[in-house]
Structures are given as structure tokens and as C-alpha cells.
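Scroll down for the structure; my scribbles are underneath it.
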Amino acid sequence: MSLNLRIVLLVIVCIYLLVIIKQIKNKKLQINFCIIWIIISILLIIAVCIPNFIETISNKLGFEVASNMVFFLTIFIAFYLIFMLTLKISQENSKTRELIQEISILNKKIEDYRKKEDK
Amino acid sequence: MKIILIIPAYNEEKNILNVCKAIEEYDNDLDYIVINDGSTDNTLKILQENNINHINLISNLGIGGAVQTGYKYAYRNGYDIAIQFDGDGQHDVKYIKNICEPIINEKANLCIGSRYIKGHESKFQSTFMRRLGKNIISFMIKICCHQKITDPTSGFRAVDRTIIKKFSEYYPVEYPEPESLVTVIKSGEKVIEVPVNMNERQGGKSSIHAWKNVSYIVKVSIAIIVNSIRWKGKRKNVIKS
């Protein structure tokens, strides 16, 4: 990697990290949801800053080409994140269902009381 | 014995009033509750104007969520028997007594009104594809639970208090009828079928569309297998502890 490319990449990753931190500060993101994103961005900064960092690791792990390891890791993390999101959606779904049911039953109770009072 | 009919209704403006009238004609003291599942037509208006006992779900939940609301209501109001009854006029009120009987006599915890019991087949038989699907689901349940259920997708069912409690805590949402059957059988409860007659739909749309049939069967089969595994695991845990 040329020095120019390194600097450009470093700037991009830093912007990315700043965006995440800003969203947390604005309370649009809960911190437990984006810890993984912060870890990823720190890893990216390390990979950009230290020359031959990725190559050394991939050689030691036995990957033939460094890009193979990068693709493998990216896809693995992506799968993991998507699965976690599915899990989360599923949980939120049941919570919403329960909420709708409880509110509807409560509504009915309120209406029943109102009818009794009218009589 | 306090008995309640749970009637889920989604866009049933044409049928719901007839169904409620039929129930009142059949037995005036019978409690029933209509669950309006976020209908987009005039169902809610009809329910309010005719002073029908109903719960109005503030958002559409699908048949499973609607029925579960009914079970929650039944459980909290101390009903001993809950009967699931369709809001589209497919089910015949005459059979309410038959379907309750095994529960009252404590012969079963869950009683299904079946269209397909040998010798008592319902006059109205659905399309070939539907029956094929039903046979496949029936076969899957036979394999996983070792019990033959002739009409696993029937929405005409009576349950006792233990199952009301169970369903109010957990009720499968996506494919409620066959899935809930598996969970009930797997947890060691007794399931019985009685013959009933069902009418053709008077109006409205079935929740299962013909073109979705194949994907429905595949998904239900997977759901049955997954459910039977989960309940086996749970049972083992109970024995251990």
C-alpha cells in the first residue's frame, strides 16, 4: 500500500468512527448495539497504520493470499451480524405482539367500566 | 363450567353478525368474544353498533396473535373451557356441544372438530390441493408425535383450563393450528378428535391462499419438526430436575 492510500483509508475510517460516536452522543444509537462496529473500526485503523499487519497474520494462519483472509473475515462477521439482527427482530416482534395484546385487553376493560358507569 | 367462544375476525363485515346471531340462537347464555384483528373494513363498527362483546386489537397481529389474545382474556376471566370458532361462518354452532363433551368428561385436554374422520366426513370437502397439504401435515405429526390427527389445520377446537393457561403464555404465531397441536401433544396432554360438519365460506378470504399452499406445507413441516425437537428437550429437563 502506498502512503497516500494509507492516509486516505485512515481518514475514511476515522470519519466512520466519528459518525458512530456522534450517533451515540446524540442518543440515536444504544452503545451495546455498536460496540462491534467500534471494535471493527479500531481493527481497521490498526490494519491501516501498521505496515504488513494483515499479511503477517494471514501468513501465520496459513491463508495463501492476504485478501482471502480479509474476505473470509468480512463474510463471517457479516453473517454473524445478520443472524444477530434476525434474533433481535424476532424478540422485538414478540414484545410488540405482547404489547398490542395487553393494550387491546386494557382498552376493552376500560370500555367495559365506562359502559357500567353509564348504566 | 364457564365456557367461552373465541372468535378471531379479520375483515369479516359480511359474516360476523350472522355468526354472533347463530351463537345467540343456539344458546343465549353462552359467552363469546370476538377478536377484531385490526380489520380495515367495517367489522369494528358492526361490533360496536350491535353491542357485541369484543376486543379490538390496535394493530393487525395475524390469526395466531388474535387467538392468543382470546386465550389471555379467557384465562384472566377464569373460564374453564375455551372454544376457538371461526368468524367466517365456516363452523357450525350445532357442534359446540359435541366438541365440549370430551373436555367436560375430562377425556381430553384438547378436542379438535375434524372434517375428515372416517365414516363422518363433512359434506363440504375442500380442494384437492388443500386435502393433499392436510395429509402431508397429518403425516408429519404422525411421525413426530405418534398420534394420528385427521384434521390438523382445523380452527374449531375446544381446550381446557390447563391449555388455556399454556396458550396464553405461549402460542405459535405463524402456523398456529398444527404447531400448537405439536406442542400440546409433546407436553403429554391428551388430544381427541370429534367429527363436525363445516360449511363453505360465506364470504371473505381464507387465511391460506391456494398459491401459497406449497410454501405453507414446507414451512409447517419444518415448524413441526423444530417444535417436536424443542419439546423433547424440555421434557428431559423436567425429568432431570
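The values are calculated or read from the model by the stated rules, or taken from the named source; none is laboratory data. Fair warning: this is a prediction, and the values are worked out from it, not measured in the lab. Please note: Cβ atoms are built from the backbone with ideal geometry, for glycine as well, and neighbour counts cover all protein chains shown. Heavy atoms of the whole protein, side chains included, go into the accessibility calculation; ligands, DNA and RNA do not. Shrake-Rupley method; radii C 1.70, N 1.55, O 1.52, S 1.80 Å.
Structural remarks
- Subset of the stretch B:51-70 that is surrounded by fewer than 23 Cβ atoms within 10 Å (Cβ to Cβ) and within 7 Å of chain A (Cβ to nearest Cβ) - its residue that is farthest from residue A:105 (Cα to Cα): B:59
- Lone unmet requirement of (1) surrounded by 18 or more Cβ atoms within 10 Å (Cβ to Cβ); (2) of a type outside the set (S, T, N, Q); (3) over 12 Å from the mean Cα position of the chain (by Cα); (4) part of a helix (DSSP H, G or I) for residue B:149: (4)
- Contact map, the stretch B:87-107: first residue open to solvent by 90 Å² or more (accessible area, probe 1.4 Å), second residue not in a helix (DSSP H, G or I), Cβ cut-off under 7 Å, separation 6 or more or different chains; pairs are B:107/B:192.
- Scanning the stretch B:29-50 for residues that are assigned to a loop (DSSP other than H, G, I, E, B) and away from every other protein chain (no Cβ under 11 Å) yields a count of 7.
- Residue in the stretch A:92-113 that is within 30 Å of residue B:57 (Cα to Cα), basic (Lys, Arg), more than 10 Å from every other protein chain (Cβ to nearest Cβ) and open to solvent by 80 Å² or more (accessible area, probe 1.4 Å) present: yes
- Some residue of the stretch B:7-27 being away from every other protein chain (no Cβ under 14 Å) and on the phi > 0 side of the Ramachandran plot: yes
- Here B:166, B:212 are screened, and the one residue that is modelled with pLDDT of 85 or more, in a helix (DSSP H, G or I) and charged (D, E, K, R) is B:166.
- Residue in the stretch B:2-24 that is more than 24 Å from residue B:200 (Cβ to Cβ) and either charged (D, E, K, R) or open to solvent by 60 Å² or more (accessible area, probe 1.4 Å) (or both) present: yes
- Criterion violated by residue A:15 - all others in (1) within 14 Å of another protein chain (Cβ to nearest Cβ); (2) exposed (fewer than 12 other Cβ atoms within 10 Å of the Cβ); (3) at pLDDT 90 or above satisfied: (1)
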